[in-house]
Structures are given as C-alpha cells and as structure tokens.
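Where a number appears in this text, it was derived from the coordinates with a stated rule and is not lab data. This is a predicted model, so every value here is computed, not measured. Cβ placement follows ideal geometry from the backbone for every residue including glycine, while neighbour counts extend to all protein chains displayed.
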Amino acid sequence: MHIIIIGAGRTGKHVIQSAINDHHDVFVIEKSKEIAERVASQYDCIVINADATSIDALKEAKAERADAIIVTTDDDPVNTLAILLAKQLGVKRLISSINNEEHLPVFEQLGIDTVESPYRLNGRYLYSTVRGPNVKEFLDLGDGFEIIELQVEAGSAVEGRLIKEVNKQRQLPKDSRIILIKRDNQIIIPVGETKIIAGDTVAVISHKDRVTRVAELFCKLAGE
C-alpha cells in the first residue's frame, strides 16, 4: 500500500514504524525541519519537510496514487485541511486523529473513514485502521500473527452465514480463523452451526499480511 503520514510526532512516529514494518510505501510530511531530518535518518521512508496544508507537498507525496492518508498532528484545523486536500486529490482512505472531541462532528462531515481521539489512541492502533474501517481492536501475537476484533456489517459477505459454511467455502484466507463472537454482551465460542449476524463483534486470528482481506469479508459489499 502507498500510505501518506502527516506529522511525525509522538503518535506519528509509531504509525510510521508500524507501516514500515508491514512493508508499505511510506511518505511522511513533517513541518519541523529538525523532526523531518531525524525521521529521515531513522526510518526507511520518504520524508518531505513541508506544511501539510500545502497541496504541492501532497502531490510530491504522490497523493493521487495513495491508498490512505493518516493525519496525526496536534492541530485540528491543520488535520481538517490536510484531509480536505487529500480527498480532493482522490486518496482512497482518510484517517485522522482528533485533539478536541468537540470538533468530531466536523470531521465526520468530511467523510473520514475513522477518527480517533488521542485520549484513547496509540499510533499502532491508529495505523491498524488502514487495514479496514471495521477493525476495532488488535493484539499482536508475534511471529507475524494478530488477533483482530471486527464489526460484522449488514450486507457483508459473511453476514447470515454459518461458521461451517464460511470454512467449507474457504472464505477466510489461509491460517485465519474466527475464534470468538460477542453478541448482545454475551461471549460465544463459535462452532459449525453458529450463525454470523450483522452487529456481531468477531475476534479473528490471522497473519498480519492477510488482515486487510479478512476485514473486507466483514464489510458491507459495494453496491449493497
């Protein structure tokens, strides 16, 4: 994936590290010359020392081809304008942190896939939303495997299906398995006859390289 990260501060540096660890093409836009130079020397990514609200900086980061932008600055007006410019340039997924929760309605009106408050945010979690807007939580198990928590959306490929049907038709990628379902504050250990229902929260163990494919199965299908 081609990912643009705005800001390389306390949150941004964790997002950068996570994206690089997953072998994405990472472009970082950082206003501070000192921070930009430090990031360029520490991480295998392209760093652009520029104002994030400059459309030229976004074009230099090849925003027209970007799969996602993650905005992590501590200035909500900057985050808002950066998202608007990225949307204008056709960036597919828009993700931003928000510093003042009173600004949340403004961000939602921009059509941002995910907005996270820094009060309950760490960089790795913010980055995880790139894999899918329905990825709620994750646990890194090491050796490339993670447990991810996903919301089942109405109209998704697995909604209304039995676990045994999902397994028989190999809808989940290799080495991926649904290990738990949360429904109406109850925990269900799934068996073959367990039906997946819209609104369920499912825990799936999967290799990190397949998390995006897993998340897509639980998202509403295009055109539904």
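Here are the numbers for the structure shown:
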quantity	calculated
Leading residue at positive end of dipole, the chain (Cβ point charges), from 81, 171, 68	171
The chain - percent relative contact order, Cα under 8 Å, separation 6 or more	16 percent
Under 13 Å from residue 33, Cα to Cα: aspartates and glutamates that are on another chain or at least 8 residues apart	51
Segment 23-115: trypsin sites (Lys or Arg not before Pro) in DSSP loop, at most 10 other beta carbons within 10 Å	none
Which listed pairs, of 62/174; 174/220; 92/174; 182/208; 13/182; 92/220, have C-alpha distances above 25 Å, in listed order	62/174; 92/174; 13/182
Computed lengthening from residue 59 to residue 1, 0.36 nm per intervening residue step minus Cα-Cα distance	19.2 nm
The chain: antiparallel DSSP beta bridges as a percent of all, rounded to 5	55 percent
Gyration tensor (alpha-carbon) shape descriptor, the chain, a/c threshold 1.5	prolate
Within the chain: Cβ-based charge dipole about Cα centre, in debye rounded to nearest 20 (Lys, Arg +1; Asp, Glu -1)	740 debye
Charge dipole (the chain, unit charges on Cβ, about Cα centre) - positive-most of 111, 199, 26	199
Förster-model FRET efficiency, 30 Å R0, residue 220 and residue 170, C-beta, rounded to 0.05	0.90
q = 0.17, 0.26, 0.30 Å⁻¹: log10 I(q)/I(0) that the Debye formula gives for segment 160-224, counting C-alpha atoms only	-0.60, -1.32, -1.50
Efficiency of FRET from Cβ geometry, residue 106 and residue 191, R₀ 30 Å, rounded to 0.05	0.10
